[in-house]
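Okay, so here's the structure we're looking at.
The values are calculated or read from the model by the stated rules, or taken from the named source; none is laboratory data. As the structure is a prediction and not an experimental result, all values here were calculated from the model. Note: ideal-geometry Cβ built from the backbone for every residue, glycine included; neighbour counts use all protein chains shown. Heads up: the accessible areas ignore ligands, DNA and RNA and are worked out on the full protein's heavy atoms, side chains in. Shrake-Rupley method; radii C 1.70, N 1.55, O 1.52, S 1.80 Å.
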Amino acid sequence: MGLIPHHAPAAERGIRVEEQEVAADGELLARLVSLVEEGALTLRVADVFPLAEVAKAHERLATPGVRGRIILTP
């Protein structure tokens, strides 16, 4: 995966390459937040760690079977 727009690597060994672009969209993000608050969209969080425990969070992430995101808080 490259970081330079419109400079995708060449396809090799039968592997297809596609580019994806991401753009900030405040309206869509606000709608997603609303869906979470309404309970229509659920988030899967495996664990929450303070930033000071980033090493612990990394260990947890490496644990087999972790389902959900690992969240770091200030």
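Residues of region 15-49 falling in the label zone of ALA8, defined by backbone nitrogen less than 12 Å from a point 7 Å along Cα to beta-carbon, are 15-21. With everything on Cα atoms, drop me the angle between helix 26-38 and the longest principal axis of the chain, reported from 0 to 90° to the nearest 10. It works out to around 40 degrees.
Please give the per residue accessible area of the chain, computed with a probe of 1.4 Å over protein heavy atoms only, in Å².
On a per-residue basis, 93 Å².
For the chain, modelled as a GNM whose springs connect Cα atoms under 10 angstrom apart, the maximal fluctuation among GLU19, GLU53, GLU38 occurs at GLU19. Roughly how many whole Å is it from the C-alpha centroid of region 53-74 to that of region 1-43? For region 53-74 versus region 1-43, the Cα centre distance is 22 Å. For the chain, the alpha carbon positions stretch 40, 34, 23 Å along the principal axes, listed from largest to smallest. Summarise the accessible area of the chain (1.4 Å probe, protein heavy atoms) by the percent that is carbon and sulfur. Carbon with sulfur: 58 percent of the solvent-accessible area.
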